[in-house]
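Below is one structure, written out as structure tokens; the observations come after it.
The values are calculated or read from the model by the stated rules, or taken from the named source; none is laboratory data. Please read all numbers here as calculations on a predicted model, not as lab measurements. Neighbour counts run over all protein chains shown; Cβ positions are idealised from the backbone, glycine included.
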């Protein structure tokens with residue numbers, strides 16, 4: 001098979017990571033893999049495992065970007081994909097129009113709904129596919145409610161955690177020495193961690209509020225996450241909140257980290273407190289795979305995953321007081337030792353290829 005995946009860019013993120021994981025597995029199984037994106041640091045990983053990358057700015061949400069329709073069509077004429085897998089809404093629109101005129105047999109289109117998309121008309125491009133993948137039951141139910149599709153072509157495949165990277169092996173001593181050198185305030189503390197990019201709906205305010213209700217001689221709050229340029233003002237407001245709550249010695253923003261697996265491992269509890277329902281909640285799966293206790297609000301994809309991993313970690317949405325009360329109880333519980341197979345990268349890539357092969361067999 002020749003598979004071409006479409007997404008806005010190949011920078012850090014769950015969608016991007018899944019794209020790379022699938023591409024690597026496709027090549028290992030003898031298939032031809034290519035990706036169209038605006039580029040990014042992860043392109044080098046495609047090159048390393050033998051996939052092709054076509055650099056095209058298909059993620060820019062403006063009318064000028066529609067000029068890429070012709071350029072994308074040229075890529076199709078060159079690569080001749082059997083499967084086109086779209087992972088984002090604007091690239092899906094460009095694909096939709098690019099396929100209007102092609103000089104070869106139209107390929108199968110597969111889309112993955114990675115979120116609970118707002119703006120139903122704009123998001124409709126993701127429903128223009130022969131096969132549709134939802135990353136959780138939460139997302140699957142949302143698709144069924146909001147889009148007119150053939151339910152026989154709607155599939156559930158959870159996001160996959162790479163257990164080679166996220167596992168319960170201990171961090172190396174050198175890493176620990178360097179960590180405590182950089183962050184001595186975290187040593188000999190019970191570490192409560194809220195990972196995720198710094199943005200207003202990730203529940204950081206609730207996490208800071210939580211820290212005001214616990215003994216910071218025993219506990220320390222960690223917030224690892226990237227701050228984009230357009231979020232710098234919001235980040236400064238969080239620092240002001242830290243000062244207002246007198247948390248300067250009790251909370252640490254440690255920026256974007258490539259060693260997030262080790263941060264999970266040294267954490268005693270990892271939280272997801274998003275103010276909007278998460279479509280999946282990847283951090284919960286990754287942290288649990290690292291042998292760390294996990295807690296989150298009782299809704300959306302977080303509820304769905306924790307029900308299968310650690311249901312005692314679920315707390316009613318917005319109830320910070322209850323969250324505080326449950327922390328000692330959670331610390332008394334045994335930490336997870338593994339995660340269900342359906343949450344692994346191995347299951348994700350194999351289930352996705354099964355959908356490809358099934359879709360192509362329908363043409364036979």
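Quick check on this structure: which one of 296, 281, 313, 301 is surrounded by 13 or more Cβ atoms within 10 Å (Cβ to Cβ) and out of contact with any strand residue (DSSP E or B) (no Cβ under 6 Å at 6 or more places or on another chain)?
Values: 296 fails: out of contact with any strand residue (DSSP E or B) (no Cβ under 6 Å at 6 or more places or on another chain); 281 fails: out of contact with any strand residue (DSSP E or B) (no Cβ under 6 Å at 6 or more places or on another chain); 313 fails: out of contact with any strand residue (DSSP E or B) (no Cβ under 6 Å at 6 or more places or on another chain).
After ruling out the rest, the residue left standing is 301.
Among the numbered conditions (1) farther than 16 Å from residue 269 by Cβ; (2) touching a residue at least 12 places away in the same chain (Cβ under 8 Å); (3) surrounded by fewer than 12 Cβ atoms within 10 Å (Cβ to Cβ), tell me where residue 232 comes up short.
That leaves (2) as the condition not met.
Pick from 202, 119, 148, 124: which is in the same structural domain as residue 82 (by TED's automatic domain parsing), out of contact with any strand residue (DSSP E or B) (no Cβ under 7 Å at 6 or more places or on another chain) and surrounded by 15 or more Cβ atoms within 10 Å (Cβ to Cβ)? Outline the logic, then answer.
Details: 202 fails: in the same structural domain as residue 82 (by TED's automatic domain parsing); 119 fails: surrounded by 15 or more Cβ atoms within 10 Å (Cβ to Cβ); 148 fails: surrounded by 15 or more Cβ atoms within 10 Å (Cβ to Cβ).
That would be 124, the only listed residue that is in the same structural domain as residue 82 (by TED's automatic domain parsing), out of contact with any strand residue (DSSP E or B) (no Cβ under 7 Å at 6 or more places or on another chain) and surrounded by 15 or more Cβ atoms within 10 Å (Cβ to Cβ).
Inspect the range 348-355 for any residue being within 17 Å of residue 162 (Cα to Cα) and surrounded by fewer than 18 Cβ atoms within 10 Å (Cβ to Cβ) and give the result as yes or no.
Checked against the condition, which is being within 17 Å of residue 162 (Cα to Cα) and surrounded by fewer than 18 Cβ atoms within 10 Å (Cβ to Cβ), the range 348-355 yields at least one hit.
Among residues belonging to the range 102-118 that are assigned to a loop (DSSP other than H, G, I, E, B) and under 13 Å from residue 142 (Cα atoms), point out the one that is modelled with the lowest pLDDT. Steps first, please.
So the first thing to find is which residues in the range 102-118 are assigned to a loop (DSSP other than H, G, I, E, B), and the list is 102-107, 114-118.
Restricting the remaining residues to those that are under 13 Å from residue 142 (Cα atoms) gives 114-118.
Numbers: 114: 93, 115: 91, 116: 92, 117: 89, 118: 81.
Only one residue fits best here, namely 118.
Within the range 318-354, which residues are over 26 Å from residue 201 (Cα atoms), in a helix (DSSP H, G or I) and in contact with a helix residue (DSSP H, G or I) (Cβ under 9 Å, 6 or more places away or on another chain)?
329, 341, 342, 345, 346, 347, 348, 349, 350, 351, 352, 353
Suppose the filter is surrounded by 19 or more Cβ atoms within 10 Å (Cβ to Cβ) and touching a helix residue (DSSP H, G or I) at 6+ places or on another chain (Cβ under 9 Å); does residue 190 pass it?
no
If you scan the range 111-147, which residues turn out to be within 24 Å of residue 13 (Cβ to Cβ), touching a residue at least 40 places away in the same chain (Cβ under 8 Å) and more than 19 Å from the chain's Cα centre (by Cα)?
Correct list: 129, 131.
Which one is nearest to residue 117 (Cα to Cα), of the residues in the range 316-330 that are without any contact (Cβ under 8 Å) to a residue 40 or more places away in the chain and surrounded by fewer than 14 Cβ atoms within 10 Å (Cβ to Cβ)?
In the first step, residues of the range 316-330 are kept if they are without any contact (Cβ under 8 Å) to a residue 40 or more places away in the chain; the result is 316-317, 319, 322, 325-326, 328-329.
Then drop every residue that is not surrounded by fewer than 14 Cβ atoms within 10 Å (Cβ to Cβ), which leaves 316, 322, 325, 328-329.
Details: 316: 24, 322: 30, 325: 34, 328: 36, 329: 36 Å.
This residue is 316.
For the range 76-95, check the following and say yes or no: at least one residue is under 28 Å from residue 161 (Cβ atoms), out of contact with any strand residue (DSSP E or B) (no Cβ under 7 Å at 6 or more places or on another chain) and surrounded by fewer than 18 Cβ atoms within 10 Å (Cβ to Cβ).
Checked the range 76-95: no residue is under 28 Å from residue 161 (Cβ atoms), out of contact with any strand residue (DSSP E or B) (no Cβ under 7 Å at 6 or more places or on another chain) and surrounded by fewer than 18 Cβ atoms within 10 Å (Cβ to Cβ).
Could you tell me which numbered condition residue 362 fails, if it satisfies all but one of (1) surrounded by fewer than 22 Cβ atoms within 10 Å (Cβ to Cβ); (2) under 27 Å from residue 155 (Cα atoms); (3) touching a residue at least 12 places away in the same chain (Cβ under 8 Å)?
Checking residue 362 against (1) surrounded by fewer than 22 Cβ atoms within 10 Å (Cβ to Cβ); (2) under 27 Å from residue 155 (Cα atoms); (3) touching a residue at least 12 places away in the same chain (Cβ under 8 Å), the one that fails is (3).
What number of residues within the range 171-191 are part of a loop (DSSP other than H, G, I, E, B), more than 21 Å from residue 212 (Cα to Cα) and touching a residue at least 40 places away in the same chain (Cβ under 8 Å)? Explain how you work it out, then say what you get.
Pass one, the range 171-191, residues part of a loop (DSSP other than H, G, I, E, B): 171-172, 183, 187-189.
Within this subset, residues satisfying the condition of being more than 21 Å from residue 212 (Cα to Cα) are 171-172.
Within this subset, residues satisfying the condition of being touching a residue at least 40 places away in the same chain (Cβ under 8 Å) are 171.
Total satisfying the criteria: 1.
Would you list the strands (runs of 3 or more DSSP E) that sit entirely within the range 1-60 and hold 1 or more residues that are free of Cβ contacts under 8 Å to residues at least 60 places away in the same chain and at positive phi?
Details: elements: 2-6, 32-37, 52-55.
Once the strands (runs of 3 or more DSSP E) in the range 1-60 are filtered for at least 1 residues that are free of Cβ contacts under 8 Å to residues at least 60 places away in the same chain and at positive phi, nothing remains.
Can you confirm whether the range 22-32 contains a residue that is under 24 Å from residue 257 (Cα atoms), in contact with a helix residue (DSSP H, G or I) (Cβ under 9 Å, 6 or more places away or on another chain) and surrounded by fewer than 20 Cβ atoms within 10 Å (Cβ to Cβ)?
yes
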